[in-house]
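Reviewing the structure listed below.
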Amino acid sequence: MIDRAGVSATIKKRYGAVLRAQWLEQCATHIENELRGHKEAAGGGKLVHLETQVRLVAEQLVHSEISDSCHPTLVVEAGTQLAKRLPEHPGAFLQVQSVVEVGVSKYAMWEAAREKEDFEQRGIRPSYLPQLTDEDESGSGEVSSTAGTQGQTLAETSGDRQAKIPRKMLKLVLTDGQRRVSALEVEPIVRLSAELAIGSKVVVTGGQIIEGTGVVCLRAGSIRVVGGAPTQYAQQTLRARMAELLGLNDRRHAYATLDSSEKQKKILAAKKKLKSFQAKRAAASEAPTANATEEEAATASTAEGESSETVTKEDEADVLSRELEQLK
Amino acid sequence: MRILCVAEKPSQAKAVAQILSQGSLSTREGQSRYNKNFDFQYRISGHFVSVTMTSVSGHLTEVDFPATCRSWHSCNPVALFTSPVVRAVTENGKDIAKSIERESRSATHLYIWTDCDREGEGIGGEIASVSRSANPRIIVKRAHFSSVLPQEIHTAMQNPRDLDMRLVAAVEARTELDLRIGSALTRFQTLRLSSRFASLHDKLISYGPCQFPTLGFVVDQFLRVESFVPEPFWYIYLEHTKDDGRAVFTWKRSKLFDQEAVFALYAKCMAAPMARVTSMRSRPKEKWRPLPLTTVDLQKCCSRYLRLAPDLIMSIAEGLYNQGFISYPRTETDQFDTNMDLKGIVTKLIQYAPFSAYANGLVNEEGFKWPRKGNNNDKAHPPIHPVAPANNLSGNPLRVYEFVTRRFLACCSDNAKGQATEIEVQVTDEQFSASGLMVLKRNYLDIYPFDRWSESSVPVYRQGESFEPSVLEMRTGTTTVPKLLTDSDLIDIMDKNGIGTDATHADHIKKIIDREYIYRSPDKFLAPSTLGIGLIEGYDAMGLELSLSKPHLRCEMERELKRICDGAKTKDDVVRESVNLYKAVYVKSVEEVAKLEESLGRCLQQAPDTGSAIWTPSSGNGAGGTE
């Protein structure tokens, strides 16, 4: 009843996805059984239109694990394994493996996600606490003045505060089932958000890939969210992901049992280490030739390249802790 | 016609009587040692009337529970939510009340001269009821004034209003609610926890509907600091050195917390590392003078710049007000009424030696500008401002007076003016900007050193010009751990979350310090004690949607009290609804007390005692109130 060839071709033309025969077979059989059941109940016999067939299969497709359902379509450089180019129209059919807000600290994201959840689930409005300032202590960066009340709307200062997730720039890690590619939102794309479900399916069209990095630049027209929310990723809410990255769940009480002078020492020690590392880096880049920085950047990128292969959830945490270790 | 005037404090009675009598008054002892009577003649509508001015010392009456519930062990605390309450004259007030009754018998009119805020109106209501009990036919009026200035006092005396019974109702509602809720929870907490933890044996572990949320803010910030994880970030740094100087450009994206992302964008820039000037603008820029001064702002600024504790600031400000140097210090208004003679006040300040030259400049050299208008107006008092030059002050009162005066003069000055240069530059698709500032006229900054405006120079660029950056590299930084709250921060948070009023913020902070829930470190940061943390975490663990430690309950109650003042709701309705709400929360807290104990045990590092001496709500002596 399901026209495997016809559905496959239509889906490829519409979404760029190349369906695996085995998966399509399982999916089609499942749908046929369902339909048969309905037909008997409805008492009639009609052929199902191709459009409807495509829709039914697509519904299953978006909720599937992409490595099961599709053939990989990304083209990579032979040597570096970095993405080389994206397929032409309709584009690359990819699965969202992670969505991270990179313009805001994870801590601030975690607080915002927690407040939003508290508000939605328990009706507790967020209280006004002082704004977190993500400033550089050594002063080498330009210190942005804390927006404080200047940035707040009248509604916020005189009435109730809204629970909002901060929004600056998203970085997605997309996969075709076999390889991963990072994508950066270089200009704001309204349909994306940090709360996008992990495992959703997207179609990326004509995105520019930055030379030597394999990172895709996303602009307003280059990504289309198809949908889907596979159940195996349901636990990975924004709040849960941030808490995990920050290692927050066990940290709080461990800290609380230390006495305050020990905590002070810990904080000071960490700061000293970071300072000395920054001083070393600054000294190294005193002669600011493009070559020196490229070298550093190259080592960083291979580290990133390595991590792209592993498919575990701990990915982000590993990278982050490795970076923190490097800084220590 | 004979008028009895009653002020809120003895010192105020004397000051007002001096003004009204123009110096010729006679003093007479009253029933109370501290509250004397001042007799004089006053001219109203052509003829003289006899006036006696006396005072109370704050609230005259108080609410309490009847004898059956008064003692801590006499009943189950839950009964306190529904038990009747009685309003009676305070112990200290007995003599004062007798005095008022006596004077009322021979008076035809009663003029209330208490402070013109909600509490003052409430005290006025108490005075009126005491007075009426002795003389039911006395006519009650209310004098309205914002500063102890002769002109205002005379106007107030000649144009008395009626007592606003809605404000009186709001104060009665608040005192009743604070009594019920505070008593029930304080008894429960103290009796239970002191019987379970040896170190809390003789401590009073009080609960107040404003105190706890205030403590909650301090604890929340502390936990934020403790659980903070520093995060590295990266950004693109662009610098260009020219003959006429060096420009440091800021990346439009500021910074990103992902090294791969920044590196990718940096690599894009490095593919064609030429910067193109997309815009170069020079335009005038102004730094705005401050808004007129409210109580919250007074406390924030004086605690931050003068490093004084909020309760000290308020008592100094009250002293200055009673001496006639500044206007009423409890106000939310940040706009001056157009009828006020502000220029006249500035002229008076020419007599104040340190600011004489500046004030002179404002008045006689066309420097005066009408102050900015804020968004708030409590319709009761103007913003805090000086009313007379105070040439004999010293120490902290002098510092506070000077702050108020500097602020006022700054409000009446012009904005500071400068010229800003803004350059925008693009490298491939990434945008950067740099700016310079030249201060042309300091204006208000000359009298208000608390604001800073620093100059910076930047070289000249032409629109469309291209250059090769001297430095174009990726740099890194790390987020810094947030700080604990200062007094200033805490008052700001309380204000934004609707906890307490401008009159009470400082009191709540003082109270939680007295109870040893928090302490002030030598460098003026507020940190919670282990007891404070244990209590807050314990109540939070109960998972109450309307937790006792979060501000929502109190914020809602303050809103309801405001509705009584606006006549939108009756006192009985508000009291009944709030009582039901808090009672439900209380009952839940009793059920889940184990969580509170577990949290305290962890924070105090003690295991709760077991044994027969544990207190439970039903260990009270029976009788008294329904469940």
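The values are calculated or read from the model by the stated rules, or taken from the named source; none is laboratory data. Please read these numbers as outputs of a predicted model, since none were measured by experiment. Cβ atoms come from the backbone with ideal geometry, glycine included; neighbour counts cover every protein chain shown. Each accessible area value is taken on the protein alone, full model and side chains, heavy atoms only, with ligands, DNA and RNA left out. Shrake-Rupley method; radii C 1.70, N 1.55, O 1.52, S 1.80 Å.
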Residue in the stretch B:245-257 that is more than 30 Å from B:Y461 (Cα to Cα) and surrounded by 17 or more Cβ atoms within 10 Å (Cβ to Cβ) present: yes
If you go through the stretch B:125-134 one residue at a time, do you hit one that is part of a loop (DSSP other than H, G, I, E, B), out of contact with any helix residue (DSSP H, G or I) (no Cβ under 8 Å at 6 or more places or on another chain), in contact (Cβ under 8 Å) with a residue 60 or more places away in the chain and open to solvent by 10 Å² or more (accessible area, probe 1.4 Å)? no
Within the stretch B:462-489, how many residues turn out to be out of contact with any strand residue (DSSP E or B) (no Cβ under 6 Å at 6 or more places or on another chain) and assigned to a loop (DSSP other than H, G, I, E, B)? 8
Could you list, in sequence order, the residues of the stretch A:57-81 that are in contact with a helix residue (DSSP H, G or I) (Cβ under 7 Å, 6 or more places away or on another chain) and at pLDDT below 90? A:T80, A:Q81
Quickly run through the stretch B:78-91 and pick out the residues that are farther than 11 Å from B:E62 by Cα and polar (S, T, N, Q). B:T82, B:S83
For the stretch B:206-230, pairs from a residue that is away from chain A (no Cβ under 11 Å) to a residue that is part of a loop (DSSP other than H, G, I, E, B) and modelled with pLDDT under 90, with Cβ under 6 Å and 6 or more apart or across chains, are B:C210/B:I499; B:C210/B:G500; B:F212/B:L548; B:F212/B:S549
Of everything in the stretch A:195-236, what is open to solvent by 30 Å² or more (accessible area, probe 1.4 Å), within 14 Å of another protein chain (Cβ to nearest Cβ) and outside any loop (DSSP other than H, G, I, E, B)? Give them in sequence order. A:Q208, A:I209
Considering only residues that are among the aromatic types (F, W, Y) and assigned to a loop (DSSP other than H, G, I, E, B), look in the stretch B:186-240 and name the one that is farthest from A:Y107 (Cα to Cα). B:F197
Among the residues in the stretch B:295-309, are any under 37 Å from the mean Cα position of the chain (by Cα), at positive phi and not polar (S, T, N, Q)? yes
For the list (1) closer than 30 Å to B:V585 by Cβ; (2) of a type outside the set (G, A, S); (3) open to solvent by 30 Å² or more (accessible area, probe 1.4 Å), I need the number of the one condition that B:P160 fails. (1)
The stretch B:497-527 - residue that is within 11 Å of chain A (Cβ to nearest Cβ) and out of contact with any Pro (no Cβ under 9 Å at 6 or more places or on another chain) and, of those, least open to solvent (accessible area, probe 1.4 Å): B:A527
Assuming B:V460 fulfils every condition listed in (1) open to solvent by 10 Å² or more (accessible area, probe 1.4 Å); (2) in contact with a Ser or Thr (Cβ under 7 Å, 6 or more places away or on another chain); (3) in contact (Cβ under 8 Å) with a residue 24 or more places away in the chain apart from one, which condition is it? (2)
Index of the failed condition, A:S105 passing every other in (1) open to solvent by less than 10 Å² (accessible area, probe 1.4 Å); (2) in contact (Cβ under 8 Å) with a residue 60 or more places away in the chain; (3) within 30 Å of B:L256 (Cα to Cα); (4) not β-branched (V, I, T): (2)
Among the residues of the stretch B:38-84, which ones are of a type in the set (D, E) and touching a residue at least 24 places away in the same chain (Cβ under 8 Å)? B:E62, B:D64
